[in-house]
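Everything on this sheet refers to the single structure shown next.
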Amino acid sequence: MKNILLLLLIAFSADVFAQGSDPNMGIIPAPVSVKKDKGEFKLTPETIIFCDSPDTRAVHFLTDYLKKEGFVFSVTDISLVDKKQRNLKNSIMLAYNFKGTLPPEGYELQVNADHITLNGKNAGMFYGIQSLIQLIHKSNSPGFATIPCGIIKDYPRFAYRGMHLDVARHFFDVNFIKKYLDVMAAYKLNSFHWHLTDDQGWRIQIMKYPKLTDIGSQRAQTKIGKVHGADSDLYDNTPYGGYYTREMIQEVVNYAYNRYINIIPEIEMPGHSLAAIAAYPEMSCDPAKAYKVGETWGVSKDVFCPSDATFKMLNEILYEVMELFPGKYIHIGGDECPKDAWKKSDFCRQLIVDQGVRDENGLQSYFIGRIEKFVNSQGRSIIGWDEILEGGLAPNATVMSWRGEAGGIAAAQLNHDVIMTPGSGGLYFDHAQSKSSQEPLNIGSYAPLYKTYNYDPVPASLTKDQQQHIIGVQANMWTEYMSTPAKVEYMLLPRMLALAEVAWTPQSGKNYKNFSEERIPHHLTRLDAQGYNYRVPVPVGAMDTTVTGDKFNIDLKPSVEGAGIFYTLDGYPPRETDLQYTEPIKFSIPAGKHIDFQAIEITPSGKRSIVSDIKMDNRGSK
Ligand code: ACM
């Protein structure tokens, strides 16, 4: 009975939100404040863009975007137009030098029927432009569009809004990295955590140590399927490799800069360092051992040795990394460092005595502390995964809390900055998006859209002062089981849109129903048109469930605008040749019988959801 009520509730509420009722005007992430007005601004070939700072990244972004989308317009520096001659009719005014103040990265956007005003500084202007772009409804005539009237006041909840990508397990070329940055910027994420090194590959050119890429970027083969699967000894017998040259990195850094994204490069140490050790065995505690770049997944026991020689090399490597990446943060990893090699090492045993530390955890802390000192000496700061708390936290480190929130809470209590990224909060995008066996191969665990969406990065157990140390939130994309860009996009979208709302929107402004049913369908259509792959959610109102009783009303709505829903009642998986759902269907199930309502959603571009199965059962309780 409970299930029937749930189903009816879903069916009913799907109707309540008709088109145009969305209080957020379709914008993701939901703005802080939206006041909708009647009417719309018409973008035509006569539209003028006035600005007071024409040669800025944000203004270039908007004009490049409009040109690419086929709009015709002119751009005029408002300071060159006499005050008396100014006619703002059919214009968009981009004002950096507006009167008044806004919170950091904030903007104010006012759309009237005859003109638009956008106030914002730097990133604020850029984010106002992203909202404006989302409001543009293209018409059927090329070069014409409408923008609904309203007033938006907006600024982010967190300063750090991050998305990570592991390019060590699988390598993704510069074009894909740019595409990844594009979608991050569109949703107001501002921190790209680039996981550049790991056991299975070193992906950044270092001039002083060429073997890091000559040897460390190549592996002989790659594990097929799950590490712990039935065929755990199967490999593809195919050499795999790739790395970014300094020029490529500079190109990506510039591209990100133009989108107000800071890149946080990660150089893993002391663990997850097998690729580097395969290139330079002298960085390990047992240089005589034969090493090869990792071919399987998991955690390697071969790790950097905390020797002076290793620190000298790492400092030189980090020096080159800092030459390429201008941002404040350098991520030095610090996670999952087995201590086996250190326990076997006479050198490490002596180092424990010399440093007066208790054990190998103390050496881990010594390692991170020494690296932090060097990074700080160059005017930068380190971020590390929460294991850097073990054995004592380096004095200025920012902690990325991934094993739940405990590390982040402990770090904030010690007055350290924290970025929350717990797998338990739905922020590991290598986890499956549903419990269905139809999901593609993934690392395991479960992070459905609503779980990501409902995550709140600020633990209630912290005091108000300690909460200020939660500087942001990030989702992680580990790519052991993602060997193609299309698969990464499938795992990214739409979950990244939920992350964006977690990172930007005040907790009080979040509403999963509005997000998933009213805004997501339109955004997935837009992303489709931009060439992104994504996971097609099952239709709104569809789910894997068993409902008992004799009367049912199936009421569904596409989760992607314009998509078709097809269904079967015969127990076979539905496809486009089956019955198309067009309106709510009433079922009466005879006593003793059951019917499976299986549905699939297929988008105009041919993307398919998994099959959902509502089992309507009138066989009596068993
Ligand atoms: C991690 O997932 N090992 C940070």
Candidates Ala58, Ala113 - the one that is modelled with pLDDT of 95 or more and open to solvent by 50 Å² or more (accessible area, probe 1.4 Å):
Ala113
Out of segment 527-582, which residues are buried (at least 19 other Cβ atoms within 10 Å of the Cβ) and of a type in the set (A, V, I, L, M)?
Leu527, Val536, Val538, Val540, Ala542, Val547, Ile554, Leu556, Val560, Ala563, Ile565
Name every residue in segment 242-279 that is within 16 Å of the ligand (Cβ to nearest atom) and either of a type in the set (S, T, N, Q) or not in a helix (DSSP H, G or I) (or both), in order of residue number.
Ile264, Pro265, Glu266, Ile267, Glu268, Met269, Pro270, Gly271, His272, Ser273
How many of the residues making up segment 231-281 are closer than 25 Å to Lys292 by Cβ and open to solvent by 30 Å² or more (accessible area, probe 1.4 Å)?
14
Some residue of segment 328-349 being closer than 16 Å to Ile264 by Cα and assigned to a helix (DSSP H, G or I):
no
Among the candidates Val473, Val399, Val418, Val458, residue that is crowded, with 16+ Cβ neighbours inside 10 Å and within 15 Å of the chain's Cα centre (by Cα)
Val473
Considering only residues of segment 372-384 that are touching a residue at least 12 places away in the same chain (Cβ under 8 Å) and more than 21 Å from Val357 (Cα to Cα), which is farthest from the ligand (Cβ to nearest atom)?
Gln378
May I ask you to verify whether Glu323 is within 30 Å of Lys178 (Cβ to Cβ), without any contact (Cβ under 8 Å) to a residue 12 or more places away in the chain and either more than 16 Å from the ligand (Cβ to nearest atom) or touching a Leu at 6+ places or on another chain (Cβ under 6 Å) (or both)?
yes
Please give the number of the condition Val303 fails out of (1) more than 16 Å from the ligand (Cβ to nearest atom); (2) surrounded by 14 or more Cβ atoms within 10 Å (Cβ to Cβ); (3) free of Cβ contacts under 8 Å to residues at least 60 places away in the same chain.
(1)
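The values are calculated or read from the model by the stated rules, or taken from the named source; none is laboratory data. Please read all numbers here as calculations on a predicted model, not as lab measurements. Note that each Cβ is placed from the backbone with ideal geometry, even for glycine, and that neighbours are counted across all protein chains shown. Protein only, heavy atoms only, side chains kept; ligands, DNA and RNA dropped before computing areas. Shrake-Rupley method; radii C 1.70, N 1.55, O 1.52, S 1.80 Å.
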